1. Being in contact with a Phe, Trp or Tyr (Cβ under 6 Å, 6 or more places away or on another chain) and assigned to a helix (DSSP H, G or I) is the filter here, so list the residues in the range 204-227 that pass it.
2. If you take just the helices (runs of 4 or more DSSP H) that sit entirely in the range 1-94, which of them hold at least 3 residues that are surrounded by fewer than 17 Cβ atoms within 10 Å (Cβ to Cβ) and touching a Phe, Trp or Tyr at 6+ places or on another chain (Cβ under 8 Å)?
3. Across the range 306-322, what is the number of residues that are open to solvent by 50 Å² or more (accessible area, probe 1.4 Å), outside any loop (DSSP other than H, G, I, E, B), out of contact with any Leu (no Cβ under 7 Å at 6 or more places or on another chain) and under 15 Å from VAL214 (Cα atoms)?
4. Does HIS237 fit the bill of being touching a Gly at 6+ places or on another chain (Cβ under 8 Å), open to solvent by 20 Å² or more (accessible area, probe 1.4 Å) and in contact (Cβ under 8 Å) with a residue 24 or more places away in the chain?
5. Looking only at the range 142-181, filter to residues that are touching a residue at least 24 places away in the same chain (Cβ under 8 Å) and hydroxyl-bearing (Ser, Thr, Tyr); which one of those is farthest from ALA412 (Cα to Cα)?
6. Specify which of the listed residues (VAL224, VAL267) is under 30 Å from ASP318 (Cα atoms) and either crowded, with 20+ Cβ neighbours inside 10 Å or of a type in the set (D, E, K, R) (or both).
7. Specify the residue that is modelled with the highest pLDDT; the eligible residues are those in the range 142-187 that are of a type in the set (Gly, Ala, Ser) and open to solvent by 70 Å² or more (accessible area, probe 1.4 Å).
Amino acid sequence: MTATYDPTDPQYFDPADLRVEMDRVFDLCHGCRLCFNLCPSFPTMFGFVDAHDGDVHKLSDAEQGQVVDECYQCKLCYVKCPYVPPHEWKLDFPRLMSRVHAVRKQQGATARERLTDQFLGRTDALGTISVAAAPVVNWATGTPGSLPRRVMEKTVGLASQRLLPPYARQRFTSWFKKRKLAAASPKQAGAVSVFPTCFVEYMDPDVGKDLVRVYEHNGIACSVPEGTKCCGAPWLHTGNLEQFGQAARRNVKALAAEVRAGREIVVAQPTCAYVIKKDYPLYVKGAEAELVAAHTYDPAEYLMKRQKDKEDSFALRDEFPGRELGDVPNEVTYHLSCHLQAQNIGFKSRDLLKVAGVTCSLVSRCSGIDGTWGYRAENYELARQVAAPLAREIQAAGNDVICGDCHLANGAIEQETGTKPQHPLQLMARAYGLAEDG
């Protein structure tokens, strides 16, 4: 048995060794059951093991496979499980599931699986083409259940009923290079490099724009790194460690240069921030990956760290004309996404909005998207079931405005509630009275 999640270990891709490790982990999970309500994998696992009178060794490959397929890598095991490393039992369920996917890939995948993986994994190529042809692409893909969407489901495996975010007509980095510089702040209070992620770069550049506006309004100089692309999460979540390694090494090199130049890394999407902080050091290794991870922040995390640093004279500006004009309500519903919770940084966006006098009603239910899992046709119905409690809690909160840090989760919230959430930095920008484009 090898309790390893390191793909360079000689035993990592050994199917027999993997089976022994899965039996060990499933036995521990079955005896604990603390994660019974986290995701479908656990109740499915417990049901199968119970049906075999508690003997995990009797689980069939198909039964174990279903448990793996229903794990959508929310990472909340790291928040709830008492046995994660460095505990002596070394129970790391999410990375065990990643190991299974990696072994599956090595053993061979179906043509349909390979096509879906390639479609969802090549985010930069797809984004570049789709921004250039945004009106046509959005027309073709913007209506769930339409003929083009049904064709996409049959060919590339993307759920035809899933609400997809539209593509922007201008990339975030294009705007950044052409933008009119903001008026100089009374004081310069630091410098950051904004890693936009695919979502901000191609789909929702307004989030990146407002992030830059809020940071510069508070005296923080912003730049964008050269040479970065997708963080590689779609490859990692499907077990394609070769493609993920290529993406990670490219980004580590580019981001390490930013850190050595004196800039912290601010990542506008929780999933991508998690991958850079937690997965790059494990799968890429080395001093540069550790350096980048140690200097990577969620947007609100960075601001609140500076705000509360006792040895730092930095303080957020506290004039909020937008609040006085009613552009931002007194209370909003704030969704705490899974991949933000898994970073164990606290509720930084809530704390940031509190600076502007905004009270948050917290909702921490999973959206059922988690990377690309909820976009795949075979997972769509189960993903909607996972998201149902989230929708109920949002509706029960009764606020007109919903906000959340995760672009993926926000899309699911819009599908389930009919209301499009805003990013917390967008609310801060409006509270500061910073104008949107147009």
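The values are calculated or read from the model by the stated rules, or taken from the named source; none is laboratory data. Everything numeric here is computed off the predicted structure, so don't read it as measured data. In this analysis, Cβ positions are derived from the backbone assuming ideal geometry, glycine residues included, and neighbour counts consider all displayed protein chains. Heads up: the accessible areas ignore ligands, DNA and RNA and are worked out on the full protein's heavy atoms, side chains in. Shrake-Rupley method; radii C 1.70, N 1.55, O 1.52, S 1.80 Å.
1. PRO205, GLY208, HIS217
2. none
3. Looking only at that region, the number is 1.
4. yes
5. The residue in question is THR173.
6. Within the list VAL224, VAL267, the selection yields VAL267.
7. Filtering the range 142-187 for residues that are of a type in the set (Gly, Ala, Ser) and open to solvent by 70 Å² or more (accessible area, probe 1.4 Å), the one modelled with the highest pLDDT comes out as ALA183.
Residue-by-condition table, conditions (1) part of a loop (DSSP other than H, G, I, E, B); (2) at positive phi; (3) of a type in the set (Ser, Thr, Tyr); (4) in contact with a Lys or Arg (Cβ under 9 Å, 6 or more places away or on another chain):
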position	(1), (2), (3), (4)
GLN118	no, no, no, no
THR128	no, no, yes, yes
ASN138	no, no, no, no
ARG150	no, no, no, no
PRO165	yes, no, no, no
THR173	no, no, yes, no
CYS198	no, no, no, yes
GLU201	no, no, no, yes
